[in-house]
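J.: Submitted below is the structure of interest, expressed as structure tokens.
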Amino acid sequence: MISGLYQGQDGDSRLELRVDVDGSRPTGRVSGDLFTVSGATTGYTGSFVVHAPAVTAGAVEGRGAFTYETGDQDVRVTISGESGTARVAGRTYPITFVSRHFRKVLLEQDSVAGAVPFVSYDTGSLPGPAGSPARELSVATAWAEAGIELTVAEPGVIPVDGAGADLAWDDAELHHAMTQQFSRFGDAAAWRVWLLVASKHVGGYRGIMFDYGDAHQRQGAAVFHDAIKGDSPQAQRAMLRTYVHELGHAFNLLHSWQKNLATPPQPLGPSGGFGDLSWMNYVQNYQPGGEAGYWAAFPFQFTDSELVHLRHGFYRDVVMGGGAFGSGAAEPAPFEQPVEDLSGLALELRAKESFGFGEPVVVELRLSCTGEPRTTHGHLHPDTEFTQVTITQPGGRTVLYRPMMRHCVDSSPRIRLDAGNPAMYRSAYIGHGRDGHYFQQPGEYHVRAQYVAADGSRVVSPPCLVRVRRPVGDDDHRVAELMLGEEQGQLFSLLGSDSPALRSGNLALEEVIDRYGGHPLSVYARLVKGLNAERGFKALTPGNRLRVRPPDAKQGVEQLAEVARMGGIDNITLNLVMRRLARAEARQGELRKAHAVMDAMVATFAAKGLNPIVMGQIRRQAELTKSALSAEA
């Protein structure tokens with residue numbers, strides 16, 4: 001057997017070579033990464049892959065696809081024992097065998113006190129597919145089966161300072177945690193990844209892969225113990241899948257039903273990707289058979305195409321901190337209406353008539369049934385990625401909106417759309433994501449969305465026109481400058497943060513409030529500052545302890561009350577603001593004022609002339625909020 005990782009050097013050029021023609025699940029490929037050595041430094045040069053090499057005794061050869069121009073694309077590898085030669089791009093490298101694994105990654109894992117990390121699962125504990133051998137799988141051995149050596153650093157435990165602290169994490173706290181805690185976090189591509197085992201997420205998710213709007217993404221992930229804990233074989237099996245799944249995103253693997261959104265696009269598997277037996281599918285969406293069907297057939301492995309990516313994807317497309325998530329080349333095309341649509345569902349995007357330059361762009365998504373009642377899942381917001389959004393900019397370029405944080409949902413609550421509940425609504429901030437700000441110039445934008453329903457139907461919205469006005473006067477220009485910074489965009493995505501890494505963004509929003517408090521766009525700065533103040537904030541200290549900043553109810557009331565007074569925000573966000581304002585009032589001991597805020601919320605929306613069904617939902621929501629606040633008081 002000759003498959004594995006080899007290394008060699010010819011002068012100032014170093015080669016990492018992967019031969020994958022025999023052994024466990026061979027993909028029939030040879031690939032490599034080239035680096036330039038200069039003094040005590042090493043820099044990346046390029047990568048190549050031979051997709052269908054000819055294999056003879058001791059030799060593998062074929063024509064390579066390179067990431068750079070070369071006059072000689074022929075690759076020939078000769079191996080005898082644990083050494084040999086490799087001729088690549090006209091240079092000959094003496095090579096030496098290094099490992100049966102094709103790539104090596106360092107995993108740094110920390111857990112919050114009380115959250116017990118997963119250890120291992122015996123795949124023979126529960127019935128599985130015929131032909132899949134029973135074995136003990138840890139996270140590391142699961143990745144080893146894919147040809148990836150995952151070396152786990154000494155795990156750390158993060159103590160919690162403060163009794164009775166709320167251990168539900170939000171995206172802003174997780175973002176801050178990685179920048180502070182991951183000892184190897186940095187603006188560089190490297191085979192290293194951080195995993196936080198936390199207690200729970202405010203959204204109830206099982207896991208999340210951190211993605212930021214910078215040039216170095218996919219460096220960290222989190223799993224949430226409270227949502228996946230348990231000693232039963234079923235719980236242990238689900239924990240293993242969640243850990244491997246989230247780390248898979250750090251290797252730039254998309255969900256099974258999203259591979260057509262990669263750049264360049266990849267073909268979808270059976271049933272639009274929902275039929276993939278992969279770590280990267282959602283068990284509840286598997287077709288056919290849902291969760292039971294998935295576990296009855298899942299052999300605890302990646303698909304063949306995923307193996308090709310993990311073992312032979314070009315360096316920057318796989319390495320953490322390399323290419324952006326899902327990236328590798330082309331621009332997406334706007335979603336096209338299907339030739340035939342029998343889903344019984346309709347998707348609509350709505351936006352206000354126009355936005356000021358620098359104003360956070362928020363759209364409303366509406367999913368409705370078009371005839372007979374329909375049942376589908378409730379994941380309509382694009383941060384769970386069952387809904388995707390494309391933005392065609394004034395110059396004609398189309399970009400895919402990619403949220404700053406990717407939430408993995410291992411449960412899909414069913415929503416019935418019928419005469420009594422004809423539609424569901426979500427509000428989404430799409431002005432900023434992992435690629436930065438999407439609306440950076442005045443003009444007309446065309447936004448379109450696609451919703452992947454529970455049965456796999458892909459429901460496409462008509463295009464929605466988003467107009468961004470030109471600034472008028474010095475104040476408009478200055479406020480736009482203060483709103484369009486990269487850190488400000490992250491703060492809008494996170495709905496505020498205490499992170500020192502976003503200090504400049506917070507200062508800019510404070511300047512908007514202090515110097516331009518009467519400007520219409522100042523309502524968004526108050527929104528971010530008010531929502532962040534009203535909640536507590538968890539922060540990891542340099543001493544590796546977790547400290548919780550308690551909610552600042554007074555500051556929350558001050559800012560959120562002004563947001564409600566100024567208006568200008570969309571209805572769904574206004575609903576959130578008034579419920580959080582009520583909570584802040586209750587925390588100050590002002591229960592009567594809290595109830596009055598809920599009464600005012602009902603009156604505000606009634607005055608807008610909303611349809612009776614939506615108004616009924618708002619009234620029930622107001623009464624439930626009153627009851628909950630009274631119980632807490």
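J.: Could you please let me know if A428 is among the small types (G, A, S) and farther than 25 Å from T384 by Cα?
T.: The answer is no for A428.
J.: Of V528, V523, which residue is within 19 Å of D476 (Cα to Cα) and open to solvent by less than 10 Å² (accessible area, probe 1.4 Å)?
T.: Sole residue among the options that is within 19 Å of D476 (Cα to Cα) and open to solvent by less than 10 Å² (accessible area, probe 1.4 Å): V523.
Table: residues versus (1) surrounded by 14 or more Cβ atoms within 10 Å (Cβ to Cβ); (2) touching a residue at least 60 places away in the same chain (Cβ under 8 Å); (3) hydrophobic (A, V, I, L, M, F, W, C); (4) closer than 30 Å to R206 by Cα.
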position	(1), (2), (3), (4)
D74	yes, no, no, no
F102	yes, yes, yes, yes
L107	yes, yes, yes, yes
V116	no, yes, yes, yes
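J.: Output the residues belonging to segment 37-60 that are closer than 26 Å to S80 by Cβ, surrounded by fewer than 16 Cβ atoms within 10 Å (Cβ to Cβ) and not hydrophobic (A, V, I, L, M, F, W, C).
T.: Selection gives H51, T56, G58.
J.: Are any of the residues in segment 39-53 outside any strand (DSSP E or B) and of a type outside the set (G, A, S)?
T.: Yes - at least one qualifying residue is present in segment 39-53.
J.: OK, next. Could you tell me whether segment 583-598 includes any residue that is acidic (D, E), surrounded by 12 or more Cβ atoms within 10 Å (Cβ to Cβ) and within 26 Å of A423 (Cβ to Cβ)?
T.: No, segment 583-598 has no match at all.
J.: Return the only residue of V563, V528 being in a helix (DSSP H, G or I), among the aliphatic types (A, V, I, L, M) and under 30 Å from V160 (Cα atoms).
T.: Being in a helix (DSSP H, G or I), among the aliphatic types (A, V, I, L, M) and under 30 Å from V160 (Cα atoms) holds for just one of V563, V528, which is V528.
J.: If I go through segment 86-95 residue by residue, how many of them are free of Cβ contacts under 8 Å to residues at least 40 places away in the same chain and either on the phi < 0 side of the Ramachandran plot or surrounded by 16 or more Cβ atoms within 10 Å (Cβ to Cβ) (or both)?
T.: Of the residues in segment 86-95, 1 are free of Cβ contacts under 8 Å to residues at least 40 places away in the same chain and either on the phi < 0 side of the Ramachandran plot or surrounded by 16 or more Cβ atoms within 10 Å (Cβ to Cβ) (or both).
J.: Looking at segment 422-521, what strands (runs of 3 or more DSSP E) fall wholly within it and have at least 1 residues that are among the aromatic types (F, W, Y)?
T.: 423-429, 443-452
Every residue, every condition in (1) out of contact with any His (no Cβ under 8 Å at 6 or more places or on another chain); (2) within 21 Å of T573 (Cβ to Cβ), yes or no:
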| residue | (1), (2) |
| --- | --- |
| H437 | yes, yes |
| Q441 | yes, no |
| Y445 | yes, yes |
| R458 | yes, no |
| V466 | no, yes |
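J.: Do the conditions hold for A134, that is, is it aliphatic (A, V, I, L, M), open to solvent by 30 Å² or more (accessible area, probe 1.4 Å) and modelled with pLDDT of 80 or more?
T.: yes
J.: Quick one: in segment 470-501, of everything that is within 20 Å of Y516 (Cβ to Cβ) and hydrophobic (A, V, I, L, M, F, W, C), which residue is most open to solvent (accessible area, probe 1.4 Å)?
T.: V472
Okay, residues lined up against (1) closer than 26 Å to E336 by Cα; (2) surrounded by fewer than 17 Cβ atoms within 10 Å (Cβ to Cβ):
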position: K259; (1), (2): yes, no
position: Q266; (1), (2): yes, no
position: D276; (1), (2): yes, no
position: W279; (1), (2): no, no
position: V283; (1), (2): no, no
position: G290; (1), (2): no, yes
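J.: For the structure I just gave you, tell me whether V75 is more than 16 Å from Q9 (Cα to Cα) and within 38 Å of the chain's Cα centre (by Cα).
T.: No, not satisfied.
J.: If you don't mind, there's one more thing I want to ask. List every residue pair whose Cβ atoms lie under 6 Å apart, where the two residues are 6 or more positions apart in sequence or sit on different chains, the first residue falls within segment 38-51 and is under 14 Å from Q9 (Cβ atoms), and the second residue, located anywhere, is open to solvent by less than 30 Å² (accessible area, probe 1.4 Å) and assigned to a strand (DSSP E or B).
T.: Close Cβ pairs (under 6 Å, with a partner that is open to solvent by less than 30 Å² (accessible area, probe 1.4 Å) and assigned to a strand (DSSP E or B)) amount to T42/F35; T45/L34; T45/F35.
J.: Can you confirm whether V597 is more than 27 Å from F357 (Cβ to Cβ), β-branched (V, I, T) and at pLDDT 95 or above?
T.: yes
J.: Still on this structure, I have one more. Among (1) open to solvent by 50 Å² or more (accessible area, probe 1.4 Å); (2) modelled with pLDDT under 90, which single condition is E385 missing?
T.: Of the numbered conditions (1) open to solvent by 50 Å² or more (accessible area, probe 1.4 Å); (2) modelled with pLDDT under 90, the odd one out for E385 is (1).
J.: For segment 541-551, check the following and say yes or no: at least one residue is without any contact (Cβ under 8 Å) to a residue 40 or more places away in the chain and buried (at least 17 other Cβ atoms within 10 Å of the Cβ).
T.: yes
J.: On to the next question. Let me confirm something: among E364, E359, which residue is surrounded by 14 or more Cβ atoms within 10 Å (Cβ to Cβ) and either basic (K, R) or touching a Lys or Arg at 6+ places or on another chain (Cβ under 6 Å) (or both)?
T.: Going through E364, E359 in turn, the sole match is E364.
J.: If you scan segment 292-307, which residues turn out to be part of a helix (DSSP H, G or I) and surrounded by fewer than 19 Cβ atoms within 10 Å (Cβ to Cβ)?
T.: Residues satisfying the conditions are A292, G293, A296, A297, D304, S305.
J.: Out of segment 447-488, which residues are of a type in the set (G, A, S) and either more than 19 Å from E511 (Cα to Cα) or at pLDDT 95 or above (or both)?
T.: A449, A453, A454, G456, S457, S461, A480 - these are the residues of segment 447-488 that are of a type in the set (G, A, S) and either more than 19 Å from E511 (Cα to Cα) or at pLDDT 95 or above (or both).
The values are calculated or read from the model by the stated rules, or taken from the named source; none is laboratory data. Predicted model, so just to flag it, every value in this text is computed and none were measured. Cβ: placed from backbone, ideal geometry, glycine included. Neighbour counts: every protein chain shown. Side chains included, ligands, DNA and RNA excluded: accessible areas come from the protein's heavy atoms. Shrake-Rupley method; radii C 1.70, N 1.55, O 1.52, S 1.80 Å.
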